[in-house]
1. Tell me which of these residue 439 doesn't satisfy, since it passes every other one: (1) touching a Pro at 6+ places or on another chain (Cβ under 8 Å); (2) assigned to a helix (DSSP H, G or I); (3) at pLDDT below 60.
2. Are there any pairs with C-beta distances below 6 angstrom linking a residue in region 151-178 that is without any contact (Cβ under 8 Å) to a residue 24 or more places away in the chain to a residue that is of a type in the set (Asp, Glu), with the two at least 6 apart or on different chains, and if so which?
3. Would you say residue 585 is touching a strand residue (DSSP E or B) at 6+ places or on another chain (Cβ under 7 Å), open to solvent by less than 70 Å² (accessible area, probe 1.4 Å), assigned to a helix (DSSP H, G or I) and under 30 Å from residue 419 (Cα atoms)?
4. Tell me the residue from 478, 489, 505 that is at pLDDT below 55 and either of a type outside the set (D, E, K, R) or in contact with a helix residue (DSSP H, G or I) (Cβ under 9 Å, 6 or more places away or on another chain) (or both), please.
5. Quickly run through region 165-189 and pick out the residues that are surrounded by fewer than 13 Cβ atoms within 10 Å (Cβ to Cβ) and aromatic (Phe, Trp, Tyr).
6. Which numbered condition trips up residue 528, out of (1) surrounded by 13 or more Cβ atoms within 10 Å (Cβ to Cβ); (2) of a type in the set (Val, Ile, Thr); (3) part of a loop (DSSP other than H, G, I, E, B)?
7. Looking only at region 674-691, count every residue that is among the hydrophobic types (A, V, I, L, M, F, W, C) and open to solvent by 40 Å² or more (accessible area, probe 1.4 Å) and tell me the total.
8. Hey, among the residues in region 538-582 that are part of a helix (DSSP H, G or I) and either open to solvent by 60 Å² or more (accessible area, probe 1.4 Å) or of a type in the set (Lys, Arg) (or both), which one's farthest from residue 611 (Cα to Cα)?
Amino acid sequence: MANKHGSLSIDSENLFPIIKKWLYSDHDIFYRELISNGCDAITKLKKLDMMGEYTLPADFKAQIQVIVNPEEKTLTFIDNGLGMTADEVEEYICQIAFSGATDFIQKYKDKSTDDQIIGHFGLGFYSAFMVADEVSIDTLSYQEGATPVHWTCDGGTDYELTDGTKDTVGTTITLYLNEDCLEFANEYRAREVIEKYCSFMPTPIFLSKANAETQYETIDAADKLDTDTVVEEIHEEAKTEEKENENGEKEIVEISPAKEKLKIVKRPVPLNDTNPLWLKNPNDCTDEDYKAFYRKVFLDYREPLFWIHLNMDYPFNLKGILYFPKINTEYDSIEGTIKLYNNQVFIADNIKEVIPEFLMLLKGVIDCPDLPLNVSRSALQNDGFVKKISEYITKKVADKLIGMCKTDKENYEKYWDDISPFIKFGCLKDTKFCDKINDYILFKNLDDNYLTLPELLVKEEEKEAADDSDAAASTAKEADDSDADGSAEKTDVVDADGNPVETDEEEEKDQRKVIYYVTDRVQQGQYINLFKEQKMDAVILDHNIDTSFITQLEQRNENYKFMRIDADLTESLKDETDAEDLKEETDALTELFKKTLNNEKLTVKVEKLKNENIASVITLSEEGRRMQDMMKMYAMGGMGGMDPNMFAADQTLTLNANNDLVKYIFENRDSENVPMFCEQLYDLAMLSNQPLSVDAMAKFVERSNQIMMMLAK
């Protein structure tokens, strides 16, 4: 077949129904589109005035009126913008996807001003047909000598265009609602939708109900405006009160002067704020301004902790405010809302392409006129530009937090418990953010002091240096003592040439610094006391995100590791002793406890702890504990098939050879009551580590009663 060139054929009869039904996912969005068109018409007229191509009337007040008429089942949108001629109606209305906004920008690109045009695609008007059986337009162009135009269409591809009767510059669009969409002619529903999409559009928007009763208000005569319609003049007499003067005499005193007031037709109040806070210079905004805006937009009467005002003009235009809300529970952290605007027009909540995932925990607004929106202006086109915006927002948040930590540490510490879930989640989700903020993450220690990671590591180094100094002094003393009695033995390992050789024990020693942590101050109270007695420290990590967070920190840094305070007993808590000295006790008590507890997998150790009042301690390896936590998370997420207790073999029971009860059990291990004491001692150790199961707790209580009865006899 020969090559052939031609043009694609588009059938408007097939295309128009698709546009009406599928262009927008939400039917109520037609409010946004028609009001946006009105805003653009007014913006264009102002531009023409600024460029000297038109002169606005002296009393010109830009406004958009929305009139609901439930009786007539109509909805009317009126703007006092530049209007249209018959030719323009045919060009911009009758040609689908021919944008009047784009045409205007192109025509006056050399005389552009800072005012933004909202429209782009020339499709917004057709959203009216999603809810209306018929739509009419009455318009009068600003051009001198223009003829008013009337256009009407019943939702098909045919329309009627005739001379109209409109006598003021601007455009009136009337929707004759279909039976399924009469809700949009309800005043309260209309208010709800307008406030949803148009709360911050740049032109005042007024809502009224057709044929509604006139409402009145009373004002001071001095406050009268030229536009006020006076119904009645009111004279208020001065208010007086009898009071006793300093001489004890009663006299009549004027407490409120006479006033001249006016009863006027109630002034209309716009539904929107045309100059939202995010457009203002941060230096011109007070703390109360930010808090009031937060309450208004998010209906949250808990004060936000602090906020970040975004204000960028290059390489793209972006403004906004991000709030860090106060979290009452760990579950509140998932309820954030970031509202995205384009030229003050609401687009959507929480668009993931623009808002980094971890910042969706925040509340705020972002307005970016440069966003590459799709045709319905409800989502974004995939674009590398969007990623740059997301990265910028992340950077600004990190800069704000770092700045607070450096210059306002006191407040940073005050906010930390509330904002730490945001930051830790951000570190898990964004490696660049984690690298930037890493040294400004705070950890609260046992004394409720906040330390950064570098400060923690320095403190650990100082502690190790002090311990090494003490150990060296002790070793030197022992060496002196040994030399004095001639009993010193050379224990260093050397090679064939007599050079010292590192032993396997030294090679296997983990050189990473250990940061101990606590997840429950009450449950782990015994271990905390042990640490404090030896002047050791730990940090509090009690949020459900912390396990994942510290695992990630360890993976990204090989200089330190985290270990829960009850994961092992450090040498600092023990008396120095030779394992051979306790071999008999270890062997005997291991056999006894395994048999009594019917647990062959239990690891039993016997150590001499410095605190002789502690009989036993349960420890669970850090790896085993984290694995158990992970299994529990899987189980909570519905991922069954694994027993969260499958790593219980990592448990170690350490018995204190310095404790009288442990000594008694060892010396009387054949006594009939010793098995009961073993069970009790084990449960006491478990209680200091984690809650007992229901059955174990019942047995513990029953056993405790038995022991008390034995003592009472």
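The values are calculated or read from the model by the stated rules, or taken from the named source; none is laboratory data. Model, not experiment: these values are computed from the prediction. We place every Cβ from the backbone using ideal geometry, glycine too, and count neighbours over all the protein chains shown. Quick note on the areas: whole protein, heavy atoms, side chains included, nothing else; ligands and nucleic acids left out. Shrake-Rupley method; radii C 1.70, N 1.55, O 1.52, S 1.80 Å.
1. Only one criterion is unmet by residue 439, namely (3).
2. 152/160; 154/134
3. no
4. Of 478, 489, 505, the one residue that is at pLDDT below 55 and either of a type outside the set (D, E, K, R) or in contact with a helix residue (DSSP H, G or I) (Cβ under 9 Å, 6 or more places away or on another chain) (or both) is 489.
5. 188
6. (3) is the only condition that residue 528 fails.
7. 2
8. Ranking the qualifying residues of region 538-582, first place goes to 556.
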